[in-house]
Each structure stands twice: as structure tokens, then as C-alpha cells.
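Working notes, beginning with the structure itself.
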Amino acid sequence: EERYNPGVIEAKWQERWEQSRVYQVQEDQQRPKYYVLEMFPYPSGRIHMGHVRNYSIGDVVARFKRMQGFNVLHPMGWDAFGMPAENAAIQHGIHPAGWTRQNIDHMRAQLKKMGLAYDWEREFATCDVDYYKWEQLIFLDMLERGLAYKKNSAVNWCPTCATVLANEQVEDGCCWRCDAAVVSKDLEQWFFKITDYAEELLDWTERLPGWPERVLTMQRNWIGRSTGCEIDFAVKGADVAIRVFTTRPDTLCGATFMSLAPEHPLALQLTREDRRDEVKAFIEKVRRQDKLQRSGEEFEKEGVFTGSYCLNPLTGREMPVFLANFVLMDYGTGAVMAVPTHDQRDFEFARKYDLPLVVVIQPEGETLLPQCMEAAWVGEGTLVNSGEFDGLHNEAAKDRIAESLENRGQGKKTINYRLRDWGVSRQRYWGTPIPIIYCRDCGAVPVPRADLPVILPTDVAFSGEGGSPLATSEDFLAADCPRCGKPGRRETDTFDTFVESSWYFLRYACPQHDKAPLDREAAEYWLPVDQYIGGIEHAVMHLLYARFFTKVLRDLGMIDLDEPFENLLTQGMVCMETLSCPEHGWLYPEEVRENACVKCGKPAVVGRNEKMSKSKKNVIDPDALISRYGADTARLFILFAAPPEKDLEWSDQAVEGCYRFLNRVWRAVHDNLATIRGADISADVEGAARDLRRITHRTIRKVTEDLDGRFSFNTAIAATMELVNAIYTFTDKEGSPGVLREALEAVVRLLAPFVPHLCEELWQQMGHEGGIEAQGWPQWDEKALVQDQITIVVQVNGKVRGKIEVPADAGEEDIRRQALESPNVTRFLEGMQVRKVIVVPGRLVNVVAN
Ligand code: ANZ
Ligand code: ZN
């Protein structure tokens with residue numbers, strides 16, 4: 001007898017799919033479309049289990065929707081620019097382009113072995129000139145609309161490495177690579193005006209019901225809308241005012257000092273001569289502190305007095321002006337009116353520098369005394385010490401004080417966003433060149449559209465010394481000014497790679513279009529993405545940038561679309577126990593045999609279940625898994641082990657179990673092939689056949705409902721397993737071959753999205769021409785679901801008073817309800833109080849009443 005041989009079957013079907021191009025799709029106005037997309041991978045070298053999970057989930061959705069009759073777009077490509085390629089060049093002397101292409105080829109082959117239903121005709125890499133030239137064009141359009149601009153901004157700069165560092169690369173104020181003290185340097189950088197879209201991006205978070213609430217909340221917090229007001233504080237003895245942003249104008253009379261960001265333009269101007277050295281030293285110190293840490297709650301609050309005073313516009317109090325490390329220049333106005341009694345940071349600061357406390361909000365039923373306070377009171381209450389505003393509830397006081405200031409021209413209501421414009425300049429080689437030429441006379445001049453693309457040169461040097469490698473290519477650098485024709489110099493920065501991933505999903509609709517970034521008709525047919533699937537780590541940056549870019553392209557007239565992703569699924573991590581040896585450190589699973597380290601024989605220490613990672617060696621190589629069990633087992637395990645949003649725990653036994661199940665399916669079909677051949681499917685059956693038929697149709701309904709929108713893959717698979725069990729125990733195989741055939745065909749069709757190779761093979765062996773998708777998704781027969789009815793006697797106080805008809809396997813609750821509702825029984829119970837209902841399932845109900 002033929003055995004289940006995944007190696008042979010999978011190769012056979014993968015080749016057929018490729019030859020017949022079944023997964024290639026075209027726009028088709030006659031059919032409903034469905035666009036399913038997994039976040040495209042960075043071509044790091046090999047695929048890992050996280051990829052396997054991501055793509056398996058997407059593939060089930062794609063195949064299920066195809067079987068349901070949708071015209072399904074399911075593309076794949078490569079997020080190909082980025083640092084690792086450049087590091088490989090520095091470390092191993094390989095060119096980033098070659099390194100990237102090699103990795104793509106390898107990973108593509110790995111993906112093809114998984115049997116994923118991609119339209120490979122649409123594949124592209126973001127490092128393809130045909131992709132990034134359109135990005136350059138979009139940039140020029142944005143520039144024209146003022147949506148891209150250049151400004152000076154402070155960056156983390158390592159003087160030794162001569163390069164910009166990301167915030168994450170600054171450790172305790174020092175460079176992560178060379179440990180030199182990082183300085184803040186002003187650099188001209190390109191920005192995208194995402195702040196213009198802050199309001200719209202925020203509003204739409206209320207209109208994305210298909211997104212996880214967690215992601216929406218993260219985006220809302222990231223955008224960070226605050227309503228409050230700006231208030232001007234006159235500086236004593238100077239003709240300037242300090243403008244603050246506050247969300248708490250109600251506390252204005254409690255403002256006893258002022259805190260400026262050390263970077264504030266007035267900082268030095270307001271510093272008295274005798275305080276200059278101290279203030280300057282403080283500014284230098286803070287510049288080296290990490291911005292994120294500086295504003296953290298835990299961070300030590302520090303400041304310095306400038307020697308100047310400003311005036312509280314309501315109380316006239318003289319408020320000393322400090323510089324404080326926790327005030328950031330790029331939020332609000334970079335100045336904070338300090339209210340130590342009602343703001344915790346100000347409270348701590350005041351304690352440290354012995355500054356006055358004035359309570360202006362009294363909580364109900366309590367009297368706060370400044371000298372007894374141990375923390376700021378940040379709750380609500382009634383205004384005190386606030387002159388004409390005394391007695392108001394503080395919420396009402398916010399408006400009243402703001403209005404009063406507005407009337408006097410000392411303040412105005414404002415809305416503030418935490419969101420900053422998106423800095424897109426990177427001093428890197430492996431990225432999209434920014435199409436700008438600098439001219440001594442004309443400044444930054446955009447490259448004319450006709451001269452695009454600006455192609456990334458290959459003759460660059462990678463020293464690892466920092467500085468942009470593009471500056472080492474003379475040919476690239478030299479360019480005449482498009483405006484005046486004099487010799488100029490090209491921009492040597494490239495775009496942040498998040499720019500490419502901000503619109504790739506649009507380009508999949510028309511990857512070969514050569515007239516514009518988008519073919520409007522195709523893009524509007526396919527978009528929005530109906531289902532997007534990826535990691536939660538992209539909750540803010542990528543997913544927010546992609547939403548922003550979609551709106552920008554809309555406003556540039558390229559597509560009529562507000563939001564790119566209709567539904568979002570954030571998949572959980574793939575986790576595994578760590579293993580280690582006291583002698584040899586972390587161990588790969590294959591370095592442990594019989595619970596001992598293979599190198600020294602010492603017992604291996606089993607650690608926590610953690611996200612698979614190379615650094616802890618708790619990884620399983622997808623290739624090894626697939627060559628041992630086949631892609632179908634790998635897919636089934638990944639989909640069966642946990643719901644897609646939850647973390648998944650690796651288990652060798654569970655993989656084994658999935659493999660055994662597929663063998664069981666194989667045998668179930670093969671053992672019965674002769675019996676079912678040519679058997680007619682009939683609905684008119686009795687006894688065991690009727691039971692099997694009911695289970696078959698119940699399973700079809702369950703799997704359909706689990707897959708449709710809910711993505712409850714594990715329960716869908718579990719239900720199908722039960723149907724397989726029922727087939728094995730079916731006692732009337734010879735007598736009802738049609739029912740058997742229907743059940744077996746249902747198993748094969750329901751499993752097809754999960755384990756496509758096996759199912760195509762079995763479907764064919766059952767004698768069907770054409771692929772398994774040809775017949776569509778199975779439908780359930782409502783009539784088959786109906787249970788056999790049985791009669792149950794209903795007694796009231798021990799006397800038979802009626803009978804009810806219920807399904808044979810009805811539960812106690814259903815029987816009880818039906819008994820109490822049956823007309824005869826209700827008549828007898830009239831005027832009585834039901835004390836107790838005793839249900840003997842399958843037999844009788846006794847109602848005790850008096
Ligand atoms: C006075 C005040 C009194 C404040 C009080 C709070 C409580 P959100 O909600 O995040 O917008 N603030 C303003 N600009 C700042 C900056 N550049 N760096 C650090 N802190 C800054 O926070 C707004 C509040 O954060 C503002 O309201 C201001 O302190 C502070 F009982 O003003 B508040
Ligand atoms: Zn010029």
C-alpha cells in the first residue's frame with residue numbers, strides 16, 4: 001500500500017502550481033476581490049519560525065477566500081534596503097546589493113517550499129530601481145506641496161565614528177560602538193510633515209473596527225493629542241515673555257516657578273552674568289542625556305536657576321526661572337509653568353531646590369497643607385487661593401481661566417500633539433537616494449522629474465568609519481545645478497527604510513506599471529488590503545507611516561483611499577524553552593541528547609519559554625522541520641498550536657502529533673478508496689449513516705464559521721480531527737458508501753487551506769479532475785444538522801402533566817426551559833410557585849411547585 005510521502009507530494013504540487021500559474025490574478029470587475037497581505041520580510045538570509053507563522057496564517061486566509069470564490073490578491077516581496085546589508089559589506093567585504101540579492105534568492109526558495117499561494121509575478125524588492133524611482137517622484141510631489149521640507153535638527157552624533165546615532169544606539173550618553181561621549185549636533189535633515197495629518201490619523205482610529213484595540217490605543221498615545229492653552233509670562237525687567245503650554249490652566253495661581261528646556265532659545269539670554277558658568281555647564285550636561293530617559297518618571301530631576309524672574313499673570317507673584325532637564329524643547333513651547341502642589345515632577349523639583357508650594361485645588365473632604373504633602377495632588381477638587389476663581393470646580397475653572405486670559409491677550413486655547421514630523425534622512429548607503437542637488441547659489445534644488453531615477457551607485461567605499469558612503473563616489477557626487485547649470489553636489493543621505501514600507505502594499509496592485517507610482521484603476525480595484533497580518537512590534541511606526549503615506553498619495557491625487565488596511569491581525573510570537581549547560585552556555589536543541597549536553601555530558605538546564613532567538617539558541621530551523629516532516633506538517637502545527645494572536649509554544653510532540661494526524665487522514669482516504677469510488681451522495685439515510693452525515697455537516701459549518709473573519713484556526717482543525725475520528729469508527733461503511741465519501745471529501749476540502757499539498761493529492765486520488773479549489777468551499781446542509789427527536793415526560797409534583805419533543809442530545813438547560821414553557825405544564829402551574837425542577841436527561845422532568 002502507498003504510504004504518505006510528503007517529500008514527493010509537495011514537490012509535485014508545488015511544480016504544478018508554478019507551471020499552471022494558478023495563483024496569478026488579474027483585476028476582474030465581475031468577481032469580488034480580497035486582498036490578503038503579510039508584512040514583507042527583510043532579506044536577512046534565512047527565514048525563521050516567525051516568518052513561517054506569519055505566512056502560514058496569511059496563506060490559510062488566501063486559500064480559504066479563493067475557495068469561497070473571491071478574486072484573491074496575495075503578493076510577496078522584499079523590504080530590501082537597510083543597515084545589515086551595509087554591515088555585511090563592512091565586515092565581510094561583500095557588496096550590499098550582492099548580499100541582498102543572494103539572500104532574496106535563498107529565502108524565495110525557502111518560501112516556495114512552504115507551498116504558499118503567492119502571485120510571484122508581482123514580486124519586487126524595494127531596492128529595485130523600478131520601485132524606488134517612484135518613491136523619488138513621490139518625494140518631489142511632496143516637496144512641491146510642502147509635505148517634505150528640510151530643517152536643522154539636533155541629532156545624536158558620535159564624534160569618533162563621525163555618524164548620527166539613533167536614540168537606541170546611545171547608551172548612558174555614550175556611543176554603543178566606541179563608547180565616546182555622544183554630543184548633540186545640529187544637522188540639516190529632510191522631514192515629512194506627518195503632523196499635518198495628526199488630526200486625521202487620530203480621528204480615523206475611531207473608524208477602524210477591524211484593528212486590535214491595543215494597536216489603536218498605541219497609535220492614539222503616539223499621536224498624543226492634548227487640549228490646553230498657551231499662556232504668556234512677562235519676564236521681570238526685560239522686554240520678553242515666556243510662553244508655556246499647559247493642560248492645567250486651572251492651576252495657574254499655584255504656579256510658583258518656571259522651568260525651561262535647557263535648549264530653550266531664551267535660556268542664555270535670561271541668565272544673569274554671575275550664573276553663566278553654572279548654567280552653561282548644566283546645558284552641556286543635559287545635552288548628553290538621552291531625551292527619552294530625561295523625561296521619564298524615574299529619571300533624577302535636575303535644574304539650575306538662571307537668576308531671572310517672570311510674573312504670574314493672575315497673582316503677580318515673582319516666579320524664579322529655572323532650566324530643568326525634564327522639560328523637552330520639542331514639546332509644547334519648551335517651557336512649563338511649574339505647579340509643585342499639583343504636578344509630581346514639579347513637586348519633586350521644588351523639594352530639591354526648596355521652592356514654594358501653594359495649594360490651589362482642594363480635594364473634597366480633605367484639606368491639603370503644603371508642609372504636610374508627600375506627593376502632588378493630581379486629582380480633581382475645588383479652587384482655592386485663586387482670587388475670583390475660588391469655589392469653582394477645577395474642570396470648570398480650566399475654561400474660565402483660559403477665557404479670562406484670552407480676553408486679556410495673555411493666552412489662548414490650543415491643541416498640542418506629541419507626534420513630531422518624521423525625519424527621513426539617513427547617512428547611509430543602502431537606501432533610496434534623496435533626489436536633490438545642492439548648488440552654492442540656488443541651495444537645495446530638486447532633481448527634475450525627467451532626470452529620475454537617481455540611481456544608487458555601486459562604486460562606493462565602506463570604511464566603517466562613518467560618514468555617508470555615497471560621499472566617496474565622485475561620479476555620483478558631481479552634478480550640475482538643474483536651475484543655473486553651475487557645478488553642484490548631490491545629496492548623499494538616503495531615505496529611512498520605513499519610507500519604502502509605507503507604500504509597497506499599494507504598488508503590489510500594479511508592480512509593473514511604468515507610467516506612475518500607481519495604476520489608479522488597478523490600485524482602486526485591489527485596495528484597501530482586506531486583511532493585513534504582522535507583528536505587534538510594528539504597531540506604531542510602520543503602521544502609522546503607512547496610514548500617513550496612503551493619505552498623502554490620496555492628496556497627491558494618486559488614489560482615492562483614506563485608509564490602507566481594513567483588518568489587522570497581530571500574530572503572537574513563536575516561543576521555545578531555552579537550554580543551557582553550566583560548561584558550554586546556551587545550547588541548540590540538537591546539542592542536547594537525553595537531557596544532557598552533547599559536548600560534555602552534563603545535565604542540560606531547561607530554562608523559561610521565550611521568544612525564539614539566535615542569541616539564546618532556542619530556535620528551530622524551518623528547513624530542518626520541513627525536510628523531516630514536510631511543509632504541510634509544519635503549517636498544521638503552527639496553525640493548530642495556538643490561536644494566531646497568542647504566543648505559540650514549540651513542542652516536538654505536538655509536531656509529531658500533527659504528522660500522525662496527516663498520516664491518519666491519508667489512510668482514511670486510502671483504506672476507503674475502493675468503497676467510495678462512484679458512490680452517490682444521498683441525504684436520505686438512517687442510523688449510523690445519518691449520525692456521520694450530521695457530524696460532517698456540523699463540521700463544515702463549524703470550520704466555515706471559525707475561518708470567516710474569526711481566524712480561529714486551531715478550533716477549526718480540532719473539529720476536523722473529530723470528523724476524522726468519526727469516519728474511523730463509522731460502522732456502516734459498506735452499507736452507506738455515499739455518506740462515507742461525503743465525509744472524506746469534506747475532510748479533504750476543509751483541510752485544504754491548511755495543508756494544501758496533501759489535500760490536492762488526496763482529492764486527485766479520489767478521482768477528481770482539476771484542482772481542489774475548482775469545486776469551491778463546501779456548503780453545509782441545514783437539514784442534515786437536525787437531531788433525532790425524543791419524547792420526554794413532564795411531571796408536576798410527581799404526576800404526568802405533559803410531554804415534550806427535544807433533540808436526542810439536548811442539554812439539561814434546554815430541556816428544563818422547554819418543559820416549563822410547554823402549554824399543558826404552564827396551565828397546571830398557574831398560580832403556583834416553582835420550587836425545584838429535576839431533569840433526568842433523555843427520560844423525564846419533574847417540577848416541584850406549590
Ligand atoms: C502646568 C501644570 C500643572 C501641568 C499641573 C500639569 C499639571 P500632556 O498631557 O502630555 O500634554 N509640559 C508642557 N510642555 C512640556 C515640555 N516641553 N516638557 C515637559 N513637560 C511639559 O502634558 C502637558 C503638561 O506637561 C503641561 O501641563 C506641562 O505641565 C507639561 F498641575 O502645566 B502642565
Ligand atoms: Zn544653482
Study note, to complete from the structure: Output for Cβ contacts, cut-off 6 Å, separation at least six or different chains, first residue over 14 Å from PHE124 (Cα atoms) in region 83-110, second among the hydroxyl-bearing types (Ser, Thr, Tyr), reads ALA85/THR100; GLU86/TYR429
Revision key, fill the gap. The residue from LEU328, LEU323, LEU368 that alone is open to solvent by 20 Å² or more (accessible area, probe 1.4 Å), more than 16 Å from ligand 2 (Cβ to nearest atom) and touching a Phe, Trp or Tyr at 6+ places or on another chain (Cβ under 8 Å) is LEU368
Review point. Is region 190-203 home to any residue that is under 30 Å from LYS646 (Cβ atoms), open to solvent by 50 Å² or more (accessible area, probe 1.4 Å) and not acidic (Asp, Glu)?
Key: no
**Study point:** Selection from region 288-321 of residues that are modelled with pLDDT under 80 and either in contact with a Gly (Cβ under 8 Å, 6 or more places away or on another chain) or part of a loop (DSSP other than H, G, I, E, B) (or both)
**Key:** ARG288, GLN289, ASP290, SER295, GLY296, GLU297
Point to revise | Tally of residues being buried (at least 21 other Cβ atoms within 10 Å of the Cβ) and within 16 Å of PHE661 (Cα to Cα) across region 725-742 | key: 1
**Study point:** Checking ARG276 against (1) open to solvent by 10 Å² or more (accessible area, probe 1.4 Å); (2) touching a residue at least 40 places away in the same chain (Cβ under 8 Å); (3) of a type outside the set (Phe, Trp, Tyr), the condition it does not meet
**Key:** (2)
Revision key, fill the gap. Log entry, pairs with first residue in region 344-356 being within 12 Å of ligand 1 (Cβ to nearest atom), second being open to solvent by 70 Å² or more (accessible area, probe 1.4 Å) and hydrophobic (A, V, I, L, M, F, W, C), beta carbons closer than 9 Å, six or more apart or on different chains, reads GLN344/VAL378
Exercise for review: Residues that are in contact with a Cys (Cβ under 9 Å, 6 or more places away or on another chain) and not assigned by TED's automatic domain parsing to the domain that holds TYR429: find the strands (runs of 3 or more DSSP E) completely inside region 163-258 holding 2 or more of those.
Suggested key: 225-234, 241-246
Review point. What number goes with the only condition from (1) in a strand (DSSP E or B); (2) open to solvent by 10 Å² or more (accessible area, probe 1.4 Å); (3) in contact with a Lys or Arg (Cβ under 8 Å, 6 or more places away or on another chain) that VAL445 does not pass?
Key: (2)
Check your understanding: In region 243-269, how many are within 12 Å of ligand 1 (Cβ to nearest atom) and open to solvent by less than 30 Å² (accessible area, probe 1.4 Å)?
Key -> 18
Check your understanding: Quick check: anything in region 395-407 without any contact (Cβ under 8 Å) to a residue 60 or more places away in the chain, part of a loop (DSSP other than H, G, I, E, B) and either touching a Cys at 6+ places or on another chain (Cβ under 9 Å) or not charged (D, E, K, R) (or both)?
Key -> no
Check your understanding: Among the residues of region 290-300, is there at least one that is away from ligand 1 (no atom under 12 Å from the Cβ), open to solvent by less than 40 Å² (accessible area, probe 1.4 Å) and either in the same structural domain as GLU380 (by TED's automatic domain parsing) or over 26 Å from ALA396 (Cβ atoms) (or both)?
Key -> yes
Check your understanding: Of CYS178, CYS127, CYS229, which residue is open to solvent by less than 60 Å² (accessible area, probe 1.4 Å) and touching a strand residue (DSSP E or B) at 6+ places or on another chain (Cβ under 6 Å)?
Key -> CYS229
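Residue by residue, here is whether (1) within 16 Å of ligand 2 (Cβ to nearest atom); (2) part of a strand (DSSP E or B); (3) over 21 Å from PHE139 (Cα atoms) holds:
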{"residue": "GLY431", "(1), (2), (3)": "no, no, no"}
{"residue": "ILE437", "(1), (2), (3)": "yes, yes, no"}
{"residue": "THR458", "(1), (2), (3)": "no, no, yes"}
{"residue": "PHE462", "(1), (2), (3)": "no, no, yes"}
{"residue": "GLY488", "(1), (2), (3)": "yes, yes, no"}
Point to revise | Unmet criterion (only one of (1) open to solvent by less than 80 Å² (accessible area, probe 1.4 Å); (2) within 16 Å of ligand 1 (Cβ to nearest atom); (3) in contact (Cβ under 8 Å) with a residue 40 or more places away in the chain) for ALA376 | key: (3)
Review point. Which one of the conditions (1) outside the structural domain of THR704 (by TED's automatic domain parsing); (2) in contact with a Lys or Arg (Cβ under 9 Å, 6 or more places away or on another chain); (3) assigned to a helix (DSSP H, G or I) does VAL845 fail to meet, given that it meets all the rest?
Key: (3)
Review point. Mind checking whether some residue in region 448-468 is at pLDDT 95 or above, of a type in the set (S, T, N, Q), away from ligand 1 (no atom under 16 Å from the Cβ) and at negative phi?
Key: no
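Condition first: among the polar types (S, T, N, Q) and modelled with pLDDT under 95. Can you find one or more residues in region 428-436 that meet it?
No; the residues of region 428-436 include none that is among the polar types (S, T, N, Q) and modelled with pLDDT under 95.
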Point to revise | Test for THR341: is it free of Cβ contacts under 8 Å to residues at least 24 places away in the same chain, out of contact with any strand residue (DSSP E or B) (no Cβ under 6 Å at 6 or more places or on another chain) and either within 13 Å of ligand 1 (Cβ to nearest atom) or not in a strand (DSSP E or B) (or both) | key: no
Point to revise | Odd one out for LEU314, checked against (1) more than 11 Å from ligand 1 (Cβ to nearest atom); (2) buried (at least 19 other Cβ atoms within 10 Å of the Cβ); (3) under 19 Å from SER153 (Cα atoms) | key: (3)
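If I ask for residues that are of a type in the set (A, V, I, L, M), open to solvent by 20 Å² or more (accessible area, probe 1.4 Å) and over 21 Å from GLY678 (Cβ atoms), which ones from region 753-787 would you list?
Within region 753-787, LEU785, VAL786 meet the criteria.
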Study note, to complete from the structure: Across (1) open to solvent by 60 Å² or more (accessible area, probe 1.4 Å); (2) touching a residue at least 12 places away in the same chain (Cβ under 8 Å), TYR429 clears everything bar (1)
Check your understanding: What helices (runs of 4 or more DSSP H) completely inside region 601-697 contain at least 3 residues that are out of contact with any strand residue (DSSP E or B) (no Cβ under 9 Å at 6 or more places or on another chain) and of a type in the set (Phe, Trp, Tyr)?
Key -> 652-676
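The values are calculated or read from the model by the stated rules, or taken from the named source; none is laboratory data. No experiment lies behind these values; they were computed from the predicted model shown. We place every Cβ from the backbone using ideal geometry, glycine too, and count neighbours over all the protein chains shown. Areas reflect the complete protein model, heavy atoms only, side chains present, ligands, DNA and RNA absent. Shrake-Rupley method; radii C 1.70, N 1.55, O 1.52, S 1.80 Å.
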